[in-house]
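Trainee: Please find one structure pasted underneath; my questions will follow.
The values are calculated or read from the model by the stated rules, or taken from the named source; none is laboratory data. Keep in mind that this is a model prediction, so the values were computed, not measured. Here the Cβ is made from the backbone with ideal geometry for all residues, glycine too, and neighbour counts use every protein chain on show.
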Amino acid sequence: MHWMVKPKPWSEVVTDPLRRVRSWGLTHVSPRIAWPVELQMVIYRGDEIWVLPATTDRYPGVALYFSELSYKEAGNRLLRFLSALSWSERGGITAIDPGGGGSHLNPRPLDRPLYHSITGSLRLENLPSPCERGALALALMREGRSLESVPYAFLTFYRLVELAVPAKKRREWIASALEKVSTVRAIEAVRHLQRSGLSSALEAADHLYISGRMAIAHAKADADLASIISPDDLSQSERLSNELAAMEALAERAIIECFDIPEPR
């Protein structure tokens, strides 16, 4: 938390446009990025979207007003905005009760802090606005970065790679992408794979598929128990935790290369 910025009560940050009686779509959030303490508005894909700040007494969130949409469609548009923001800020944002709202914009009372850190304001210019498949990729990225469960986060990142890269090219693409990772956590994850006895990037790609994606997603009655990820096995949990950063880096690379979405700042 930046020492110079502090949340205020909702009554001190709400402005006249937000007090108007109209159809409001509202989605509360639990962010893993620094959430602003200032009220912000941005036009995203033609919608006037308000970023509701971290306050001392109300949930943070995002909102838009509409006249011809359903609350569900308004919620869909807010989720797409959150996925673009999550990509831009390189962090998770969990949506709470999406598709809600009412005639008055009234965020629910806050029972506990829902932000890991705060900032004065967010940089909302140049958010990505991709095609439908690219938007789905950003949604999967946001979900993966928001999940507390390491196995399901791993699986979500792998699903993103499957969405982006055709099956016939996927093994070679993963092997090539593993050699290009650049973040400290991802580089260490690749080194961990190398130390585990995998002698090539192609072997590492096979390992991530068989011991990661398949072992998490499938548990068949006649399967060897050793091939199934058990939540009670700490050695498997530790291995997946070590490999998660590599899988996240692969998912990010897939978005950049396959959907022509610029790398986040």
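Trainee: Taking region 100-118, which residues are exposed (fewer than 15 other Cβ atoms within 10 Å of the Cβ) and modelled with pLDDT under 80?
Mentor: Within region 100-118, Asp111, Arg112, Pro113, His116 qualify.
Trainee: Checking the conditions here, which among Leu18, Leu39, Leu26, Leu52 is without any contact (Cβ under 8 Å) to a residue 40 or more places away in the chain and more than 21 Å from Glu132 (Cα to Cα)?
Mentor: Details: Leu18 fails: without any contact (Cβ under 8 Å) to a residue 40 or more places away in the chain; Leu26 fails: without any contact (Cβ under 8 Å) to a residue 40 or more places away in the chain; Leu52 fails: without any contact (Cβ under 8 Å) to a residue 40 or more places away in the chain.
Just a single option satisfies the conditions, and that option is Leu39.
Trainee: Another question about this same structure. Of Ala189, Ala177, which residue is within 14 Å of Glu252 (Cα to Cα), in contact (Cβ under 8 Å) with a residue 24 or more places away in the chain and of a type in the set (A, V, I, L, M)? So that I can check it myself, show each step before the final result.
Mentor: On the way: Ala189 fails: within 14 Å of Glu252 (Cα to Cα).
Answer to the check: Ala177.
Residue-by-condition table, conditions (1) crowded, with 19+ Cβ neighbours inside 10 Å; (2) among the β-branched types (Val, Ile, Thr):
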residue: Leu178; (1), (2): yes, no
residue: Ala205; (1), (2): yes, no
residue: Ile216; (1), (2): yes, yes
residue: Glu238; (1), (2): no, no
residue: Ala246; (1), (2): yes, no
residue: Leu250; (1), (2): yes, no
residue: Glu257; (1), (2): no, no
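Trainee: Turning to a different aspect of this structure: Tally the residues that are surrounded by 16 or more Cβ atoms within 10 Å (Cβ to Cβ) and within 15 Å of Leu18 (Cα to Cα), restricting the search to region 48-58.
Mentor: Taking region 48-58 first, the residues surrounded by 16 or more Cβ atoms within 10 Å (Cβ to Cβ) are 49-55, 58.
Checking which are within 15 Å of Leu18 (Cα to Cα) leaves us with 49-53, 58.
Residues meeting the conditions: 6.
Trainee: Give me the pairs, please: first residue somewhere in region 241-260 and acidic (Asp, Glu), second residue anywhere and crowded, with 18+ Cβ neighbours inside 10 Å, beta-carbon distance under 6 Å, and either six or more positions apart or on two chains.
Mentor: Matching pairs, first to second residue: Glu243/Ala189; Glu248/Phe157.
Trainee: It is to be established whether one or more residues within region 66-82 are surrounded by fewer than 15 Cβ atoms within 10 Å (Cβ to Cβ), modelled with pLDDT under 95 and of a type in the set (Lys, Arg).
Mentor: Checked region 66-82: at least one residue is surrounded by fewer than 15 Cβ atoms within 10 Å (Cβ to Cβ), modelled with pLDDT under 95 and of a type in the set (Lys, Arg).
Trainee: OK, next. Which of the following residues is of a type in the set (Gly, Ala, Ser) and either in the same structural domain as Tyr59 (by TED's automatic domain parsing) or within 16 Å of Leu52 (Cβ to Cβ) (or both): Ala137, Ala153, Ala95?
Mentor: Sole residue among the options that is of a type in the set (Gly, Ala, Ser) and either in the same structural domain as Tyr59 (by TED's automatic domain parsing) or within 16 Å of Leu52 (Cβ to Cβ) (or both): Ala95.
Trainee: While we're here: Residue check, Pro36 against (1) crowded, with 19+ Cβ neighbours inside 10 Å; (2) within 19 Å of Leu136 (Cα to Cα), all met but one. Which one?
Mentor: (2)
Trainee: Further, regarding this structure: I want to confirm something. Restricting to region 42-56 and keeping residues that are under 25 Å from Leu110 (Cα atoms) and among the hydrophobic types (A, V, I, L, M, F, W, C), which single residue is modelled with the lowest pLDDT?
Mentor: Within region 42-56, the match that is modelled with the lowest pLDDT is Ala54.
Trainee: List the helices (runs of 4 or more DSSP H) inside region 161-239, counting only whole elements, that have at least 3 residues being closer than 22 Å to Leu140 by Cβ and modelled with pLDDT of 95 or more.
Mentor: Values: elements: 167-178, 184-195, 201-207.
It comes to 167-178.
Trainee: Related question: For region 12-44, enumerate the residues that are within 15 Å of Asp57 (Cα to Cα) and not in a strand (DSSP E or B).
Mentor: Those that are within 15 Å of Asp57 (Cα to Cα) and not in a strand (DSSP E or B): Glu12, Val13, Val14, Val37, Glu38, Leu39.
Trainee: Here's another thing I want to ask about it. Being surrounded by 13 or more Cβ atoms within 10 Å (Cβ to Cβ) and assigned to a loop (DSSP other than H, G, I, E, B) is true for just one of Pro151, Pro130. Which residue is that? I'd like the intermediate steps shown before the answer.
Mentor: Numbers: Pro151 fails: assigned to a loop (DSSP other than H, G, I, E, B).
Of the residues listed, the single one that is surrounded by 13 or more Cβ atoms within 10 Å (Cβ to Cβ) and assigned to a loop (DSSP other than H, G, I, E, B) is Pro130.
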